[in-house]
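Let me begin by presenting the structure, written as structure tokens, before commenting on it.
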Amino acid sequence: MAEKPIQGEKRVFMTGNEVVAWGALAAQADIMYGYPITPQNEIMHYWSRLAPKHGKKFLQTEDEISAGFTTIGGTIIGARAFTGTSGPGNTLMQEPMSMAEMYRVPAVFIIQQRGGPSTATVIYSQQEVTLTTFGGNGEGYRIVYSTATHQELFDYTIKAFNTAWKHRFPTFVLADGYQAKMREPLTIYDPEAKGIEMVPTVPTLGKEGVPGVDRPPVHMTNTRNTEEELYEVVKGLQAAYEEMWPEVEEHEAVECEDAEIIIVCHGVVTRSARVAVSQLREAGIKAGYFRPITLRPFPVEPMKQSIKGAKQLLMVESAQGQLARLVKDSIYGSTIPIEPMFRPGIGISSEEIVEKVQSLIK
Amino acid sequence: MEFDISMPKCWRRETKGHKFCPGCGHGLVLKALGLAIDELQIQDRVVFGCDIGCSLLAYDFFNVDTMQTHHGRTTPVITGIKRARPDRIGIAYMGDGGGYAIGSQHLVNAAARNERITAILVNNTVYGMTGGQMAPTTLPGMKTETSPYGREISQTGYPTQGPEMVAAITREGAYVARGTVGKLSQLKNMIKKALETQIAGTGFSFVEALSTCPTNWSTNAKDTWSFLEDEMTKYFKVGELKVPAKEE
Ligand code: SF4
């Protein structure tokens with residue numbers, strides 16, 4: 001057996017894109033397909049340097065449509081395959097993602113959000129939440145992890161492969177330009193050394209034997225002739241999605257038990273919320289934060305429980321209410337007031353959150 | 001030698017008669033492909049991808065693992081499969097709209113990268129499944145649903161010369177040909193050579209098959225055949241455009 005890319009564990013100082021490449025390598029990914037777009041590029045840069053040394057492959061495609069469909073091809077033939085994109089590339093990739101939902105292809109997608117709409121900025125935003133959770137002509141049968149730190153970026157890149165292959169829904173790691181480009185310390189590790197077993201991959205097409213002789217042929221079709229036929233298919237997808245929901249949903253609730261005001265955020269903004277909450281607590285203000293880690297499936301029940309005793313919510317995100325829509329949908333029926341703090345396409349500091357909370361409390 | 005009129009061995013009998021319209025050329029292209037697969041004895045290694053459009057009706061045609069994709073996206077799906085599992089034989093089956101319009105970037109780049117896959121493109125000069133719109137291959141002056149007064153070449157250009165384009169952008173080692181359902185034995189041999197090219201790993205392989213669509217041409221049997229044999233061949237020259245050099 002080839003030597004493991006990471007022996008045991010190792011303390012490193014890396015950019016987020018480099019972390020993703022190492023995470024995929026640690027997860028024993030076989031192949032990456034990708035197309036250049038900032039701020040995702042260095043995932044490909046690092047992967048294409050690391051890959052040949054570890055018997056892995058890389059293909060640079062002609063566009064993101066192709067990157068998505070080649071990733072589906074690789075996955076369906078039984079490879080642990082992934083791709084990465086951002087912004088307009090994420091828009092283009094919705095077509096293959098939609099097919100991945102229909103066929104339940106366990107492909108892994110890394111999204112490094114940039115500013116939108118259109119070409120906008122290559123820097124940062126949280127404006128690809130709606131697109132990543134519900135893009136495509138369907139019902140959003142995907143799993144979306146939103147990470148906050150480089151450690152999580154590594155952990156959830158590995159986890160994404162296992163969730164995808166266990167539950168057979170396309171799985172996303174949703175980060176952003178800050179996480180992609182920033183350098184910070186983390187521990188990278190061999191999953192096995194941490195007791196994490198990689199879920200084995202199985203080919204859907206191209207199994208051994210002569211089809212029609214040794215085994216039935218596999219005929220994958222994504223077209224349906226009648227409304228009723230499609231209805232049955234979608235019902236089946238929905239049932240499977242609901243079944244895995246409780247096992248997959250993840251959240252973080254900090255100081256919510258006695259909080260009067262709860263900050264709701266996700267991704268990198270969580271870091272500011274974390275600092276803000278500890279400063280507010282020091283100042284005697286009962287603040288906490290709730291953060292969905294899975295944006296799809298959304299941690300609905302934990303969210304309802306966490307906000308029960310609070311007097312108001314402060315929604316903080318680097319988008320014009322894309323997370324807020326998911327939240328409102330989840331806590332439907334609650335009459336808790338929601339204060340928006342929407343900053344589309346720009347970063348949010350702990351000071352700004354503290355200031356905002358103080359203005360709301362008095 | 002008589003041409004075999006029985007079904008190819010790799011055809012799936014349970015799904016015959018097939019779903020194409022009477023007089024459609026798709027069944028003939030798939031017969032040529034089936035015979036080529038039989039002769040090469042590769043049924044267990046083939047992964048077949050079919051495009052959206054009338055090509056999608058081929059998804060359960062063979063006793064071969066098959067994936068129906070999206071319109072224009074069969075080339076990248078098969079490319080992804082082949083890259084991950086080079087021991088499989090990837091066949092991308094598509095129409096002229098899928099290959100030369102919506103998926104043309106995939107065809108061009110797969111050819112330019114010399115992907116070791118086989119693309120088979122059915123050219124019947126129209127969009128069949130969507131109801132007879134103008135295709136990249138519609139002949140000058142030809143009436144379709146979106147060129148009701150005849151294709152106006154000053155506005156919409158000339159029919160795409162697919163194999164000529166692919167031949168121009170592939171390197172030595174690739175196989176490029178244009179066959180016709182009017183010459184089935186020749187078409188079968190072309191497809192066979194294309195698959196042999198993939199197996200040898202020398203380069204991209206591409207076969208365009210001139211085919212019939214009586215439904216959207218609104219032609220009877222006689223006129224269907226004469227359009228295929230007399231009209232289409234004026235624009236689309238049948239023959240091999242690129243053949244890998246024989247090994248010494
Ligand atoms: S519409 Fe034309 S191409 Fe499609 S199945 Fe009928 S005859 Fe064949």
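In a shell of Cβ-Cβ distance under 12 Å around residue A:345, excluding residue A:345 itself, what net charge do Lys and Arg (+1) and Asp and Glu (-1) give? That works out to -1. Listed by chain and number, the lysines whose C-alpha is less than 20 Å from the C-alpha of residue B:193, apart from same-chain residues fewer than 8 away, are B:9, B:31, B:82, B:183, B:237, B:242, B:246.
Amide H contacts of residue B:241 (H built 1.01 Å from N, in plane; Pro and chain starts excluded): B:176, B:177, B:178 sit under 5 Å, all sequence-distant by 5 or more or on other chains.
Normalising the average separation of contacting C-alpha pairs (under 8 angstrom, six or more residues apart) by the number of residues puts the relative contact order of chain B at 19 percent.
Quick check on segment B:116-248: of the DSSP beta bridges with both residues there, what percent are antiparallel, nearest 5%? The antiparallel proportion sits near 35 percent.
When +1 charges are put on Lys and Arg Cβ atoms and -1 charges on Asp and Glu Cβ atoms, the dipole computed for chain A relative to its Cα centre reaches about 560 debye. With Rh defined as the Kirkwood radius, the inverse of the mean 1/r over Cα pairs, the Rg/Rh of segment A:9-194 is 0.93. Measuring from centroid to centroid over Cα atoms, what is the spacing of segment A:90-153 and segment B:58-82 in Å? Each part's Cα centre sits 25 Å from the other's. Taking every pair of alpha-carbon atoms in segment B:12-122, what share in percent sits in each 10 Å bin, from 0 to the bin with the longest distance? Spelled out bin by bin, segment B:12-122 gives 15, 49, 31, 4 percent. Label zone (residue A:361, point 7 Å along Cα-to-C-beta; backbone nitrogen cut-off 14 Å) within segment A:301-329: A:311-312, A:314. Note on segment A:29-83: Cα convex hull, mean projected area over all directions, 3.3 nm². For segment B:26-242, a/c is not less than 1.5, where a ≥ b ≥ c are the root eigenvalues of the C-alpha gyration tensor, and a/b tops b/c. That puts it in the prolate class. The loop-placed chymotrypsin sites (Phe, Trp or Tyr not before Pro) in segment B:211-248, going by DSSP, include none that has at most 12 neighbouring Cβ atoms within 10 Å of its Cβ. The dipole here belongs to segment A:296-362: it is taken about the Cα centre, uses +1 on the Cβ of Lys and Arg and -1 on the Cβ of Asp and Glu, and is about 220 debye. Rounded to the nearest whole Hz, the Karplus-based 3J(HN,Hα) values (6.51 cos²θ - 1.76 cosθ + 1.60, θ = phi - 60°) of segment B:99-104 follow the sequence x, 9, 10, 5, x, 5, with x at glycine and proline. If you average the C-alpha positions of segment A:290-312 and of segment B:163-210 separately, how far apart do those two centres end up, in angstrom? Using only Cα atoms to place each centre, the spacing works out to 58 Å. Each chain gives up part of its surface: A and B jointly bury about 2900 Å² of accessible area, both sides summed, for a 1.4 Å probe. Counting Cβ atoms of other protein chains within 10 Å of each Cβ in B:102-109 and taking the mean gives 3. Under 5 Å between amide hydrogens, built in the peptide plane, is the criterion, and for residue B:119 it picks out B:92, B:205, B:206, B:207 among residues at least 5 positions away or on other chains.
For chain B, the dipole from Cβ point charges (+1 on Lys and Arg, -1 on Asp and Glu) about the Cα centre works out to 340 debye, to the nearest 20. A straight line joining the Cα centroids of segment B:117-146 and segment A:1-75 runs 40 Å.
Stokes-Einstein diffusion for the protein assembly as shown at 4 °C, viscosity 1.567 mPa s, with a Kirkwood radius from C-alpha pairs, works out to 50 µm²/s.
If both residues of a DSSP beta bridge must be in segment A:224-362, then about 25% of such bridges are antiparallel. Calculated [222 nm] ellipticity per residue, helices only, for chain B: -8500 deg cm²/dmol; basis is -39500 (n - 2.57) per DSSP H run with n ≥ 4, divided by all residues, nearest 500. The slack in the chain from residue A:221 to residue A:194, taken as 0.36 nm per residue of separation less the alpha-carbon distance, amounts to 5.8 nm. Cα convex hull, chain A: 149 Å³ per residue, rounded to a whole number.
With a 10 Å cut-off around each Cβ of A:219-226, the average count of Cβ atoms from other chains is 6.
A Förster distance of 35 Å, applied to the separation of the beta-carbon atoms of residue A:247 and residue A:183, puts the FRET efficiency at 0.55. Projecting each Cα onto the charge dipole of the protein assembly as shown (Lys/Arg +1, Asp/Glu -1 at the beta carbon, about the Cα centre), which of A:262, A:145, B:32 comes out farthest on the positive side? So the residue furthest toward the plus end is B:32. The amide H of residue A:38, built 1.01 Å from its N in the peptide plane, has no neighbour under 5 Å, considering only residues 5 or more places off or on other chains. For GluC sites (Glu not before Pro), the sites in segment B:1-91 that DSSP calls loop and that have at most 12 other Cβ atoms within 10 Å are B:2. Once the Cα-Cα distance is subtracted from the 0.36 nm per residue extended length, the residue B:143 to residue B:223 segment shows a gain of 27.3 nm. Between residue A:258 and residue A:346, the FRET efficiency from the beta-carbon distance, with R0 = 30 Å, is close to 0.40.
On full extension, the segment bounded by residue B:246 and residue B:39 gains 72.5 nm, given 0.36 nm per residue less the C-alpha separation. Remark: relative contact order (chain A) = 18 percent; criterion is Cα-Cα distance under 8 angstrom and separation of 6 or more residues.
Label-to-label distance for residue A:3 and residue B:9 is 4.8 nm, based on points extended 7 Å past Cα in the beta-carbon direction.
Largest mean-square fluctuation among B:40, B:30, B:184, in a Gaussian network model of chain B whose springs join Cα atoms under 10 Å apart, belongs to B:40.
Applying a DSSP loop filter and a limit of 14 other Cβ atoms within 10 Å to the GluC sites (Glu not before Pro) in segment B:121-183 leaves B:145, B:152, B:172. In this structure segment B:89-248 gives 41 Å² per residue of accessible area when probed at 1.4 Å with all protein chains present. To the nearest ten degrees, helix B:26-40 and the longest principal axis of the Cα atoms of chain B are 20 degrees apart.
The values are calculated or read from the model by the stated rules, or taken from the named source; none is laboratory data. Please read all numbers here as calculations on a predicted model, not as lab measurements. Counting neighbours? That spans all protein chains shown, and the Cβs are built from the backbone with ideal geometry, glycine included. These accessible areas exclude ligands, DNA and RNA; they are computed on the full protein's heavy atoms, side chains included. Shrake-Rupley method; radii C 1.70, N 1.55, O 1.52, S 1.80 Å.
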